[in-house]
1. In the range 288-321, which residues are in a loop (DSSP other than H, G, I, E, B) and at positive phi?
2. State whether one or more residues within the range 179-199 are at negative phi, at pLDDT 90 or above, surrounded by 15 or more Cβ atoms within 10 Å (Cβ to Cβ) and assigned to a strand (DSSP E or B).
3. Could you list, in sequence order, the residues of the range 302-342 that are open to solvent by 20 Å² or more (accessible area, probe 1.4 Å) and closer than 14 Å to Arg152 by Cα?
4. Name the pairs whose Cβ atoms lie under 6 Å apart, with the first residue in the range 158-179 and within 22 Å of Pro110 (Cα to Cα), the second hydroxyl-bearing (Ser, Thr, Tyr) and at pLDDT 70 or above, and 6 or more positions between them or separate chains?
5. Only one of these is in a loop (DSSP other than H, G, I, E, B), farther than 30 Å from Gly154 by Cα and not hydrophobic (A, V, I, L, M, F, W, C): Gly264, Gly245, Gly271, Gly250. Name it.
6. Working only within the range 75-113, note down all residues that are crowded, with 19+ Cβ neighbours inside 10 Å and either part of a strand (DSSP E or B) or in contact with a strand residue (DSSP E or B) (Cβ under 6 Å, 6 or more places away or on another chain) (or both).
7. So, of the residues in the range 458-482 that are in contact (Cβ under 8 Å) with a residue 24 or more places away in the chain, out of contact with any helix residue (DSSP H, G or I) (no Cβ under 6 Å at 6 or more places or on another chain) and among the polar types (S, T, N, Q), which turns out to be surrounded by the fewest Cβ atoms within 10 Å (Cβ to Cβ)?
8. Please state which one of Thr54, Thr59, Thr50 is outside any loop (DSSP other than H, G, I, E, B), modelled with pLDDT of 85 or more and either open to solvent by 60 Å² or more (accessible area, probe 1.4 Å) or farther than 30 Å from Glu232 by Cβ (or both).
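The values are calculated or read from the model by the stated rules, or taken from the named source; none is laboratory data. Note that this is a predicted model, so its numbers are computed, not measured. Note that we place each Cβ from the backbone using ideal geometry, even for glycine, and neighbour counts take in every protein chain shown. With ligands, DNA and RNA removed, areas are computed over all heavy atoms of the protein, side chains included. Shrake-Rupley method; radii C 1.70, N 1.55, O 1.52, S 1.80 Å.
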Amino acid sequence: MSDVAAAAAESTTGPGPGAHQEAGPGGGPEAGAKDDADWRRLDRRSLLVTVQMTGGVVTAIGVPITLSFQGWVAMGPVIAWAVGLSLLLIASGVGLDALRLRHSRYRVGPDRAELRSGILFAKHRSLSRDRIRSVDLVAHPLLRLLGLVEVRIGTGEQSAGQEATLELRPVRRAEGERLRRELLSRAAKDGASDAQTTLAFLDPRWIRYAPLSFVTSALAAAAGGAVMQVSEWFGVQEEVIEWVGDVFRGMSVTGMVLALIAVGLAAGSVGALGLWIEMWWNYRLEREPGGTLRVRRGLFTTRSISLEEARLRGVDVVEPLGLRLSGAARVDAVATGLSRRDEEDQAGPSTLLPAAPRRLADGVAAQVLRERVTPTATELAPHPRAARSRRIRWAVSAALAPALVLLLLGVLLDVRVLTYLGTGTAVVLVPVAVALACDAYRSLGHALDADYLVVRSGTLRRSTVALRRGGVIGWTVKQSVLQRRAGLVTLSATTAAGAQAYAAYDVGEAEGLEFAERAVPGLLAPFLERRDG
């Protein structure tokens with residue numbers, strides 16, 4: 001059985017967590033007792049965490065529902081029922097967690113890391129230590145208060161659509177650190193002699209980039225929606241709307257809309273600052289002995305994410321529009337087997353450096369790749385002018401579509417306001433769309449830099465990817481009818497890491513095929529037909 005299959009293997013008919021393993025030669029009761037002694041329990045203080053978290057969820061859901069009955073029935077019986085149901089739910093949650101802890105055991109042996117779990121069906125999951133690639137530690141505020149962490153042991157492989165991962169929830173922090181060091185320590189076996197090195201650490205001045213991300217507008221919209229929802233729960237939504245009208249009385253509709261947008265963005269900026277502090281406080285990027293990159297970060301919820309350098313295939317320097325205008329970028333790892341869990345805006349498991357000055361981002365990328373100069377800073381070859389024409393046509397079409405709809409409705413319904421609104425929409429959106437299209441064309445580029453192929457694209461989110469040529473396992477060549485008429489192709493380098501494919505969009509046909517053949521000689525050659533002369 002392969003290690004991936006073994007990792008996902010589950011025994012639904014075998015013995016429970018307290019059963020003996022098969023004894024070796026000469027094994028007997030003493031061998032079975034020794035085998036049982038190797039298994040460790042999870043920390044029972046998880047029950048306190050369950051009480052607090054279940055109580056918080058029940059309160060957050062129960063209070064608005066209880067208040068919604070105000071004015072309809074007597075509140076005394078409603079509150080009594082709500083309290084009783086809440087206590088029942090909390091007790092049920094604690095009982096299930098107690099059963100989970102009772103039937104969960106783990107151990108780390110010389111060859112394998114194992115976890116036994118399951119309440120109705122016993123499960124026995126096992127990972128070969130040779131295939132373990134990450135040991136991540138996560139602790140939210142309640143766990144930190146009790147000195148506990150969650151440990152996630154992963155191989156970076158997939159089995160039956162699920163990641164081969166063991167999760168220990170929770171253990172003591174000292175035990176989590178011991179497991180991390182023990183499972184990731186390969187210095188003696190692999191002969192690695194790197195000393196622990198700090199590649200980057202938090203600079204508080206980076207916080208100025210937090211409001212420039214797209215999360216600011218999302219939080220602004222969420223804040224407005226939350227105000228309306230809470231006011232509806234308490235039955236004062238009409239009063240809130242009237243109060244807003246009184247505040248902006250005397251202003252034009254356009255001025256009121258702009259003022260509300262400004263207030264929303266201010267609230268979103270405050271939220272973005274708080275979110276950034278929570279995610280990136282105490283940030284540190286380190287290279288540990290044995291060839292492991294470790295990212296530590298978090299204010300209330302702390303995270304320790306480990307990435308084995310053997311899995312690294314390149315880096316991605318990401319520049320959302322707001323960050324690019326301020327001269328900043330972040331660095332993501334292009335690596336195999338990265339977990340897709342806990343994905344957060346600008347703080348996924350692949351993020352090695354938060355938004356920071358572009359020069360620093362290039363320096364960190366070079367250190368991560370062990371290069372003197374980062375390949376993401378190499379000069380890129382521009383793409384044909386036909387690529388710019390294609391983007392301008394797309395952008396203008398997208399900008400004119402809503403304007404034409406409004407104009408059509410205005411004509412059919414004989415409503416002048418819609419006609420004026422459609423005209424204004426076209427006047428505002430078309431120049432913006434053309435400017436973004438031209439910027440998207442300028443962002444296109446590709447190049448070969450020693451052991452790396454480099455591709456760049458995007459305007460609202462510009463991405464410069466440096467991918468190791470040895471990590472490319474195939475090429476995908478796409479050419480639409482319009483691309484064929486313009487002599488363009490889109491080349492996608494297929495890899496087992498990161499997004500699985502990285503594209504050079506709208507490259508000249510001959511130039512693009514030559515680029516692919518030079519990047520990985522022999523891979524595309526059987527499918528090319530060369531013309532004499």
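1. We begin by selecting, within the range 288-321, every residue in a loop (DSSP other than H, G, I, E, B); these are 289-291, 298-301.
Matches in the range 288-321: Gly290, Gly291, Gly298.
2. Yes, there is a match, as at least one residue in the range 179-199 is at negative phi, at pLDDT 90 or above, surrounded by 15 or more Cβ atoms within 10 Å (Cβ to Cβ) and assigned to a strand (DSSP E or B).
3. Thr302, Arg303, Ile305, Gly337, Leu338, Ser339, Arg340, Arg341, Asp342
4. Ala164/Thr155; Leu168/Tyr106
5. On the way: Gly264 fails: in a loop (DSSP other than H, G, I, E, B); Gly245 fails: in a loop (DSSP other than H, G, I, E, B); Gly271 fails: in a loop (DSSP other than H, G, I, E, B).
None of the others qualify; the one that does is Gly250.
6. If the condition is that a residue be crowded, with 19+ Cβ neighbours inside 10 Å and either part of a strand (DSSP E or B) or in contact with a strand residue (DSSP E or B) (Cβ under 6 Å, 6 or more places away or on another chain) (or both), then Ser104, Arg105, Tyr106, Val108, Ala113 are the ones that fit.
7. Thr476
8. Numbers: Thr54 fails: either open to solvent by 60 Å² or more (accessible area, probe 1.4 Å) or farther than 30 Å from Glu232 by Cβ (or both); Thr59 fails: modelled with pLDDT of 85 or more.
Every option except Thr50 fails the conditions.
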